[in-house]
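For reference, the structure is listed below as structure tokens.
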Amino acid sequence: MVAVRSTTTTRFPGGCVAVLCALAASAAPPPVSLPEVYDGGVALADYWVSEKYDGVRGYWNGKALVTRGGNTIDAPDWFTRGWPDTAMDGELWVDYGAFSRVSVIVRTAEADDPAWRSVSYRVFDLPEHGGDFDARVPAIRETVARIDAPWVIAIRQFRVADAAALDAALERVLGRGGEGLILHRGDSHYRAGPSDALLKLKPFADAEAKVVAINPGSGRLEGLMGSIDVRTPGGRVFAIGSGFTDAQRANPPPVGSWITYRYSGRTATGLPRFARFLRRRAGGPPPGSERDPGGR
């Protein structure tokens, strides 16, 4: 699918050009790989380790940048100039703690918006490369070097000797505001969907759920939202009442929207423990639930 530069100025709420909105709605999601959760028990010497960036997944299909859900990203011509005619997988990223900012740029900014100057594309894989990840790591570096643009960066891939070294690497990432690590087994080929060869390590787990009710607050929160009831893709319903600012309580995520929440383990009945609101999910429902995009 080729990116469209429409001459119409008709825009929908959220900033979407009419032609692009219609195009995005009919696009097929790209065949992206998805990490499972690292819980130990693997031979770390077999894995490459990299930082997990909290941005917007961007899949270059050789002609256009698309989201994980298949929506065309209206990136500037200069941003993708010199990119290969084969696929790259990466993260569109602005800065630590700036997920909302990059999400707005990717979803609503037109190609001539100067906000694109703050965005980098951090490449972590080459989906159409025929080799295993051991072979793809140098190929990623060579591909990015040929593009020779400061906003296109090969994510650093490194090895760790043991669990202590992995923990130290995680602490360094968290210390600069990062969210975690990705482990990628060296002998694995690129595979769409969840893969046990691709693992994510974060101090907290996070997941998505759909808002099904808004509960009023009391006391200090009189007149504001007190909590929301959410339903997981598996059908479990529970309440989330922490993690919100007062501004978010005054304008809570509406019923029917999807949110990302953070939690620490599960209860004996399988519900998330200490669930906290993280953010509204900009791309709507996650893949496999009711369809659409997201990050890695």
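Go through the stretch 216-236 and give me each residue that's at positive phi and open to solvent by less than 50 Å² (accessible area, probe 1.4 Å).
The one that is at positive phi and open to solvent by less than 50 Å² (accessible area, probe 1.4 Å): Gly235.
Considering only residues of the stretch 102-116 that are assigned to a helix (DSSP H, G or I) and out of contact with any strand residue (DSSP E or B) (no Cβ under 7 Å at 6 or more places or on another chain), which is nearest to Thr80 (Cα to Cα)?
Here is the first cut: in the stretch 102-116, the ones assigned to a helix (DSSP H, G or I) are 102-108, 114-116.
Okay, now just the ones that are also out of contact with any strand residue (DSSP E or B) (no Cβ under 7 Å at 6 or more places or on another chain), so 104-105, 107-108, 114-116.
Details: Val104: 19, Ile105: 16, Arg107: 17, Thr108: 18, Pro114: 15, Ala115: 15, Trp116: 11 Å.
Top of the filtered list is Trp116.
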*Name the pairs: first residue in the stretch 132-161 and basic (Lys, Arg), second residue open to solvent by 40 Å² or more (accessible area, probe 1.4 Å), Cβ to Cβ under 6 Å, at least 6 apart or on different chains?*
Arg136/His129
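Can you say whether Gly90 is open to solvent by 10 Å² or more (accessible area, probe 1.4 Å) and either of a type outside the set (Lys, Arg) or in contact (Cβ under 8 Å) with a residue 12 or more places away in the chain (or both), as far as the supplied structure shows?
Working: open to solvent by 10 Å² or more (accessible area, probe 1.4 Å): no; either of a type outside the set (Lys, Arg) or in contact (Cβ under 8 Å) with a residue 12 or more places away in the chain (or both): yes.
No.
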_Count of residues meeting criterion [part of a loop (DSSP other than H, G, I, E, B) and open to solvent by 60 Å² or more (accessible area, probe 1.4 Å)] in the stretch 250-260_ = 2
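Can you find, within the stretch 177-196, the residue that is surrounded by the fewest Cβ atoms within 10 Å (Cβ to Cβ) among those that are modelled with pLDDT under 95, over 27 Å from Leu271 (Cα atoms) and touching a strand residue (DSSP E or B) at 6+ places or on another chain (Cβ under 9 Å)?
The first filter runs over the stretch 177-196 and keeps only residues modelled with pLDDT under 95, leaving 177-180, 191-196.
Narrowing further to those that are over 27 Å from Leu271 (Cα atoms): 177, 191-192.
Next, from what is left, pick out any that are touching a strand residue (DSSP E or B) at 6+ places or on another chain (Cβ under 9 Å): 191-192.
On the way: Arg191: 15, Ala192: 12.
In this case the residue turns out to be Ala192.
Please find, among Ala213, Ala247, Ala268, Ala239, the residue that is farther than 30 Å from Asp134 by Cα, in a loop (DSSP other than H, G, I, E, B), aliphatic (A, V, I, L, M) and open to solvent by 20 Å² or more (accessible area, probe 1.4 Å).
Details: Ala213 fails: in a loop (DSSP other than H, G, I, E, B); Ala247 fails: in a loop (DSSP other than H, G, I, E, B); Ala239 fails: in a loop (DSSP other than H, G, I, E, B).
Answer to the check: Ala268.
Within the stretch 147-166, work out how many residues are in a helix (DSSP H, G or I) and surrounded by 13 or more Cβ atoms within 10 Å (Cβ to Cβ).
First, pick out the residues of the stretch 147-166 that are in a helix (DSSP H, G or I): 147, 163-166.
Those still in the list that are surrounded by 13 or more Cβ atoms within 10 Å (Cβ to Cβ) too: 147, 165-166.
The number of residues fulfilling the criteria is 3.
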*Under the condition of being among the aromatic types (Phe, Trp, Tyr) and outside any strand (DSSP E or B), which residue from the stretch 38-81 is nearest to the chain's Cα centre (by Cα)?*
Tyr53
_If a residue must be over 24 Å from Val137 (Cβ atoms) and among the β-branched types (Val, Ile, Thr), how many such residues does the stretch 167-219 contain?_
3
_Residues of the stretch 167-176 classified as loosely packed, with under 12 Cβ neighbours inside 10 Å and touching a Phe, Trp or Tyr at 6+ places or on another chain (Cβ under 9 Å), total_ = 1
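Report, by residue number, each residue of the stretch 128-146 that is open to solvent by 20 Å² or more (accessible area, probe 1.4 Å) and either hydrophobic (A, V, I, L, M, F, W, C) or outside any helix (DSSP H, G or I) (or both).
Within the stretch 128-146, the subset open to solvent by 20 Å² or more (accessible area, probe 1.4 Å) is 128-130, 132, 134-135, 138, 141-142, 145-146.
Scanning the stretch 128-146 gives Glu128, His129, Gly130, Asp132, Ala135, Ala145.
Is it the case that Phe204 is under 23 Å from the mean Cα position of the chain (by Cα), modelled with pLDDT under 95, at positive phi and open to solvent by 70 Å² or more (accessible area, probe 1.4 Å)? Lay out the reasoning, then the answer.
Working: under 23 Å from the mean Cα position of the chain (by Cα): yes; modelled with pLDDT under 95: yes; at positive phi: no; open to solvent by 70 Å² or more (accessible area, probe 1.4 Å): yes.
Against the criterion (under 23 Å from the mean Cα position of the chain (by Cα), modelled with pLDDT under 95, at positive phi and open to solvent by 70 Å² or more (accessible area, probe 1.4 Å)), Phe204 does not qualify.
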*Of all the residues that make up the stretch 95-117, how many are open to solvent by less than 20 Å² (accessible area, probe 1.4 Å) and closer than 23 Å to Glu51 by Cβ?*
6
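The values are calculated or read from the model by the stated rules, or taken from the named source; none is laboratory data. What you are looking at is a predicted structure, and each value in this text was computed from that prediction instead of being measured. For neighbour counting, all protein chains shown are included, and Cβ atoms are generated from backbone atoms with ideal geometry for every residue, glycine included. We work out accessible area using only protein heavy atoms, side chains counted, and drop any ligands, DNA or RNA first. Shrake-Rupley method; radii C 1.70, N 1.55, O 1.52, S 1.80 Å.
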